[in-house]
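Asker: Got a structure here, written out as structure tokens. Questions coming.
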Amino acid sequence: MDQPQSSTLVAAYVRRHGTAQLLFWSAFYYLLPALTAQIVSETNWPVWHLSTTYTLAFLLWAFCAPAVGHWIDAGHGAKVIRIGSRLGVVLLVGLSQTNDRFLFSGLVILLGACMAATLYDPCFAVMMRRLKQGGTDAVATVTLIAGFATALTFPLIYTLSSLMTWQHIALSFAVLAAIGVILLPTEPQPTSIEVFQLSKMRLEQGPMLIAFSFGLVMMGHAMLLFLLPVALVQDNGFINVGVLALAILGPAQIAGRMTWKYVGSSFRPQSCAIVMFACLCLPATLLLMFGTASIVVCAALTIQGACYGVHTILRPSLAQHYVPASQLGRGLGVIAMIGLLLMAVGPAVGGLIWTLSGLSGLMITILLLNVMAFGLGAVLCRKNPKGAMV
């Protein structure tokens with residue numbers, strides 16, 4: 001196979017993964033918050049019931065991530081993604097047929113396992129194992145394509161909500177997920193060399209530093225995302241902040257990922273992580289020092305979105321340097337689990353802090369989380385990668 005053809009095939013392979021991720025994120029994840037208001041309006045189900053259901057789904061996602069990584073390391077990554085995505089389609093079809101809130105909750109919670117089997121980390125592990133050093137560029141491309149999931153989901157649901165019930169919308173997104181299943185590229189059968197013997201896994205300090213530093217960022221991001229709108233409305237009646245967040249965070253993430261795609265490979269990922277952690281300290285600092293004027297909120301959310309977009313690429317890229325190739329799936333799974341658990345508790349902890357000390361206390365907490373992430377990142381820079389796939 002000549003090089004141009006090989007490059008063309010690789011590009012098509014990455015694009016198909018990226019488009020599938022775009023549809024899976026839309027159908028399995030963003031569908032839930034985007035559809036909540038309509039579900040409440042049509043069913044009168046308690047908001048607390050739905051929010052608790054989503055939390056349980058995300059916790060199942062977190063706890064399933066290492067098991068998914070185990071199967072990826074055993075050479076079954078493509079099969080895991082296909083099974084998880086097909087099960088997700090079935091669950092969405094089931095949601096479209098139910099009017100019982102407890103059955104709804106059971107199906108949504110099971111959807112958390114499908115998220116673990118399909119969203120980002122399994123895809124990253126499969127691509128990195130196949131493409132080796134080209135895996136980082138592939139991850140950047142996939143996250144760039146999938147970054148349009150919010151731009152697809154929210155306007156589409158806004159349009160469909162005037163024409164359909166929430167069940168019919170869920171069925172429509174099941175069709176989108178099914179298209180994602182069809183678009184998944186065919187993975188080559190692993191050779192005997194590529195099928196690793198699953199040794200007992202023990203993560204070294206480097207991967208654990210990645211897990212907790214990036215997990216602290218995810219916790220702070222969740223606090224900002226869920227509590228900033230509430231705090232701003234309570235403090236000064238800035239009622240459009242929800243729309244502002246949706247309007248700025250998504251494009252800012254895409255801009256951050258595009259910047260990384262063109263310049264990120266020129267620098268060590270450890271150095272990029274330090275810069276990212278430092279920049280993530282700016283949004284909370286701006287809001288703490290200059291208050292909640294619209295221009296300050298815009299600037300803070302733009303920086304936050306751009307950094308968080310890069311965060312999604314940097315986490316697997318760093319893991320590739322510190323986790324042995326034979327343990328990449330499990331390593332990414334454990335790193336994802338820690339981050340998801342910290343993300344899940346973020347809104348609850350942030351809500352308590354905001355109740356006790358208001359917006360200033362919330363911003364100080366987010367700033368401290370990012371400062372701790374910066375400190376852990378600085379320690380990571382002093383660790384030499386060992387036995388990783390570089």
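Asker: Residues Gln189, Gln234, Gln253, Gln197: which one is open to solvent by 30 Å² or more (accessible area, probe 1.4 Å), at pLDDT below 85 and not in a loop (DSSP other than H, G, I, E, B)?
Answerer: Values: Gln189 fails: not in a loop (DSSP other than H, G, I, E, B); Gln253 fails: at pLDDT below 85; Gln197 fails: not in a loop (DSSP other than H, G, I, E, B).
Of the residues listed, the single one that is open to solvent by 30 Å² or more (accessible area, probe 1.4 Å), at pLDDT below 85 and not in a loop (DSSP other than H, G, I, E, B) is Gln234.
Asker: Filter region 128-151 down to the residues that are buried (at least 18 other Cβ atoms within 10 Å of the Cβ), among the aliphatic types (A, V, I, L, M) and under 17 Å from the mean Cα position of the chain (by Cα) and list them by number.
Answerer: Ala138, Val139, Ala140, Val142, Leu144, Ile145, Ala146, Ala149
Asker: Among (1) surrounded by fewer than 17 Cβ atoms within 10 Å (Cβ to Cβ); (2) over 28 Å from Ala138 (Cα atoms), where does Phe267 come up short?
Answerer: (2)
Asker: Here is a further query. Exactly one of (1) surrounded by fewer than 23 Cβ atoms within 10 Å (Cβ to Cβ); (2) farther than 28 Å from Val139 by Cα is unmet by Ala299. Its number?
Answerer: It is condition (2) that Ala299 fails.
Asker: Do we have any residue at all in region 345-368 that's within 28 Å of Pro122 (Cα to Cα), touching a residue at least 40 places away in the same chain (Cβ under 8 Å) and not in a helix (DSSP H, G or I)?
Answerer: Within region 345-368, not a single residue is within 28 Å of Pro122 (Cα to Cα), touching a residue at least 40 places away in the same chain (Cβ under 8 Å) and not in a helix (DSSP H, G or I).
Asker: In addition: In region 337-388, what count of residues is obtained for those that are among the hydrophobic types (A, V, I, L, M, F, W, C), closer than 17 Å to Ala319 by Cα, open to solvent by less than 40 Å² (accessible area, probe 1.4 Å) and in contact with a Leu (Cβ under 9 Å, 6 or more places away or on another chain)?
Answerer: Qualifying residue count, region 337-388: 4.
Asker: Which residue pairs have Cβ atoms under 9 Å apart, sit 6 or more places apart or on different chains, and have a first residue in region 269-293 that is in contact (Cβ under 8 Å) with a residue 12 or more places away in the chain and farther than 16 Å from Cys307 by Cβ and a second that is assigned to a helix (DSSP H, G or I) and among the aromatic types (Phe, Trp, Tyr)?
Answerer: Note: no pairs meet the criteria.
The values are calculated or read from the model by the stated rules, or taken from the named source; none is laboratory data. Please read all numbers here as calculations on a predicted model, not as lab measurements. Glycine gets a Cβ as well: all are built from the backbone with ideal geometry, and neighbour counts include every protein chain shown. These accessible areas exclude ligands, DNA and RNA; they are computed on the full protein's heavy atoms, side chains included. Shrake-Rupley method; radii C 1.70, N 1.55, O 1.52, S 1.80 Å.
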